[in-house]
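Have a look at the structure below, then the notes.
The values are calculated or read from the model by the stated rules, or taken from the named source; none is laboratory data. If you're wondering where the values come from, they're calculated on a predicted model, not measured in any experiment. For neighbour counting, all protein chains shown are included, and Cβ atoms are generated from backbone atoms with ideal geometry for every residue, glycine included. Side chains included, ligands, DNA and RNA excluded: accessible areas come from the protein's heavy atoms. Shrake-Rupley method; radii C 1.70, N 1.55, O 1.52, S 1.80 Å.
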Amino acid sequence: MTADPLSYLPLTEPTFYILLSLAPGKKHGYAIMKDVRALSGGRVRLSTSTLYTALGRLLDQELIERLSEEQGGGPGLPRKFYALTDVGRRVLEAETARLQGMLREARLRLREGGA
């Protein structure tokens, strides 16, 4: 995999929110789904299949890693936890900077237009 964060940009909105969800630390799939919904103000609602397809792609790109399975808080199978890799964090930072630049330019243009 390439280590140049810019080569991964632009990110789709679901991918951005998945990476952002993992920025503070490891999470299991259901926690990522809930967090993405909250972070996006309800706009992005990931189905289970969409989430795990995205997680598989992010694993293949080495933007996230799967951690050893841990027993959840209740009965049942152990949960799979995911975390950002160093490359994943750099990609998230690069996308955040790209979006901030776009927003800065939009604000300048809107001000120039009298808005």
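Couple of notes before you dig in:
- Figure legend. Inter-residue proximity from the range 55-68: first residues assigned to a strand (DSSP E or B), second residues of a type in the set (Val, Ile, Thr), beta-carbon distance below 7 Å, spacing 6+ or different chains. Indicated pairs: 64/85; 65/85.
- Filtered residue count, the range 1-34, keeping only those that are modelled with pLDDT of 95 or more, open to solvent by 30 Å² or more (accessible area, probe 1.4 Å) and either among the β-branched types (Val, Ile, Thr) or in contact with a Pro (Cβ under 8 Å, 6 or more places away or on another chain) (or both): 1
- Number of the exception - residue 49 against (1) assigned to a helix (DSSP H, G or I); (2) open to solvent by 100 Å² or more (accessible area, probe 1.4 Å): (2)
- Qualifying residue in the range 37-54 (condition: in contact with a Ser or Thr (Cβ under 7 Å, 6 or more places away or on another chain), closer than 25 Å to residue 4 by Cα and not polar (S, T, N, Q)): yes
Matching residues to (1) hydrophobic (A, V, I, L, M, F, W, C); (2) under 18 Å from residue 10 (Cα atoms):
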{"site": "29", "(1), (2)": "no, no"}
{"site": "35", "(1), (2)": "no, no"}
{"site": "65", "(1), (2)": "no, no"}
{"site": "81", "(1), (2)": "yes, no"}
{"site": "94", "(1), (2)": "yes, yes"}
{"site": "103", "(1), (2)": "yes, yes"}
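- Conditions (1) farther than 19 Å from residue 80 by Cβ; (2) under 11 Å from the mean Cα position of the chain (by Cα); (3) not in a loop (DSSP other than H, G, I, E, B); number of the one not met by residue 14: (1)
- Among the residues listed as 98, 104, 57, 89, the single one being in contact with a Pro (Cβ under 8 Å, 6 or more places away or on another chain) and of a type outside the set (Phe, Trp, Tyr): 98
- Count of residues meeting criterion [open to solvent by 80 Å² or more (accessible area, probe 1.4 Å) and in contact with a Gly (Cβ under 8 Å, 6 or more places away or on another chain)] in the range 52-62: 2
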